[in-house]
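What follows is one structure encoded as structure tokens, with my remarks underneath.
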Amino acid sequence: MVRLALSSLRHRTAAFVAVFLALFLGAALVMSFGSLLDTGLTPGLDAASAETLTIMGGVVGGWSLLLVGFAAVTTTTLGIRQRAREVALLKSAGATPRQLTRMILAEVLLLAVVAAALAIPVGVFGGRTVLGLVQDSGQVTPDVTHVFGATALGQGFGITVLSAAGAAFIAARRAARVRVVESMTEAAAPTARLTARRAVCGVLLLAGAAVLFALTVVVGPDLGLEAQALAGYIDILAAVALACFAPVLVRGLRVPGSGAAATLARGNLRARTGHLSSALAPVVLFLGMAVGTLALQEVDATASQGMLPEEGTELVRTLNYVITGMVAAFLCILLVNTLATSTAARRREFAQLRLAGATPGQILAMVALESSALALAGTLLGLLAAAATVLPYSYARTDSWLPDFSPTIPALTVFLTLTVALATPLLITRSTLRQPPLTATTP
């Protein structure tokens with residue numbers, strides 16, 4: 001099975017690009033902030049610098065661990081789901097469920113290890129960049145030297161390999177247990193159901209977000225800036241929880257209109273929840289995290305006004321935006337990566353529709369309607385997740401539930417989200433439609 005896994009990786013390179021990219025960028029992000037913990041734990045470091053680096057590496061690094069774990073699980077599961085037809089063919093040739101599980105695990109583990117190893121130079125560069133910004137802002141003394149050690153490597157390899165392996169194991173066991181005929185059917189129209197496992201995970205994550213919300217309100221005023229360690233996780237937990245309920249949310253979406261494109265879009269929202277649920281989750285996570293963390297920086301700036309020199313305040317704000325931008329950039333790439341992969345996997349579907357009489361214009365209109373419904377739903381849910389972070393933190397820092405910050409931040413983020421969520425599927429669909437339908441129906 002290991003030999004078969006290597007052969008599959010070699011001959012199906014394009015199919016694994018999305019998974020590899022998510023694992024590579026995720027490992028680089030985790031290592032960047034993990035190196036701050038290594039630096040903060042250096043013997044002989046002054047107490048103030050050590051505390052700043054430890055808090056920053058712990059808080060932002062903790063966000064990164066959650067986000068990268070979610071990204072690894074999402075992309076790995078999506079990649080395996082798209083191979084239902086291949087799994088069916090292998091089973092029909094005599095492969096056992098145990099052999100298929102071992103093959104998929106070997107593929108994903110190899111990808112994860114290679115991605116984490118190649119991410120080391122990027123992690124070193126990212127950690128040095130963040131340390132330089134912290135030193136420029138005066139929060140860490142200039143004589144501190146960047147250290148990239150066991151913590152960065154352990155977190156980078158650990159979260160990447162474990163998340164990918166866990167997702168691969170669960171998805172592989174499910175794919176291996178499905179009968180051949182069911183696998184072929186699922187390859188043509190993959191569905192996703194709200195299983196008991198997904199429902200329990202969603203409820204537990206919402207409960208965790210509610211607990212952090214309450215703690216931020218109750219003990220946040222006494223913690224000051226450190227209350228961000230509590231509030232910063234709320235939007236992540238809420239967004240991932242909403243992603244757990246994506247199958248139900250997708251089926252509940254409505255598409256206006258009575259034409260062929262609208263009819264096809266409504267049918268897909270009910271029947272093809274596998275692809276479309278995977279597209280909704282990163283929209284919610286990106287918008288919730290981006291708006292939530294950027295708004296936190298504005299709340300901090302308002303609360304700290306007059307406490308630091310103007311130059312110091314600007315440097316701290318710049319630092320916060322750069323760090324938040326690194327996390328948001330990772331999520332944006334994940335969003336584009338997931339949307340592009342899930343849309344490209346519908347090549348056979350689009351070809352079959354064309355052979356059945358649908359025009360390229362109708363297919364593009366269908367994808368536009370589906371993407372619009374998903375983008376709007378993801379935007380609303382993402383803003384809800386962001387509000388769950390911003391409101392309690394604003395109360396803890398300024399004694400007011402309504403934060404005093406410019407609406408430009410959420411407006412620009414919403415615009416970027418809608419643009420990416422609409423443009424990516426349409427561009428991939430347009431590229432796919434250039435192929436002759438008979439060619440596109442071949443595996």
Yes/no for Ala386 being assigned by TED's automatic domain parsing to the domain that holds Ala238, within 22 Å of the chain's Cα centre (by Cα) and crowded, with 17+ Cβ neighbours inside 10 Å: yes
Would you confirm whether or not region 100-119 contains a residue that is on the phi > 0 side of the Ramachandran plot, of a type outside the set (Lys, Arg) and not assigned by TED's automatic domain parsing to the domain that holds Glu349? no
Just one listed residue, out of Leu383, Leu364, Leu369, is in contact (Cβ under 8 Å) with a residue 12 or more places away in the chain and either closer than 20 Å to Leu237 by Cα or among the charged types (D, E, K, R) (or both), and it is Leu383
Flag if Ala365 is assigned to a helix (DSSP H, G or I) and either among the acidic types (Asp, Glu) or modelled with pLDDT of 90 or more (or both): yes
Look at region 410-426 and say how many of its residues are over 20 Å from the mean Cα position of the chain (by Cα) and surrounded by 14 or more Cβ atoms within 10 Å (Cβ to Cβ). 1
Flag if Leu376 is within 14 Å of Leu422 (Cβ to Cβ) and in a helix (DSSP H, G or I): yes
Residue by residue through region 389-409, note down the ones that are crowded, with 24+ Cβ neighbours inside 10 Å and of a type in the set (A, V, I, L, M, F, W, C). Val390, Ala396
How many residues are surrounded by 17 or more Cβ atoms within 10 Å (Cβ to Cβ), in contact with a helix residue (DSSP H, G or I) (Cβ under 7 Å, 6 or more places away or on another chain) and farther than 22 Å from Phe286 by Cβ if we restrict to region 332-357? 6
Are any residues in region 260-291 surrounded by 24 or more Cβ atoms within 10 Å (Cβ to Cβ) and either among the acidic types (Asp, Glu) or in a loop (DSSP other than H, G, I, E, B) (or both), and if so, which ones? none
Given Leu294, Leu331, Leu315, which one is modelled with pLDDT under 65 and not β-branched (Val, Ile, Thr)? Leu315
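The values are calculated or read from the model by the stated rules, or taken from the named source; none is laboratory data. Worth saying up front: this structure is predicted, and the values here are computed from it rather than measured. Virtual Cβ from ideal backbone geometry, glycine too; neighbours counted across all protein chains shown.
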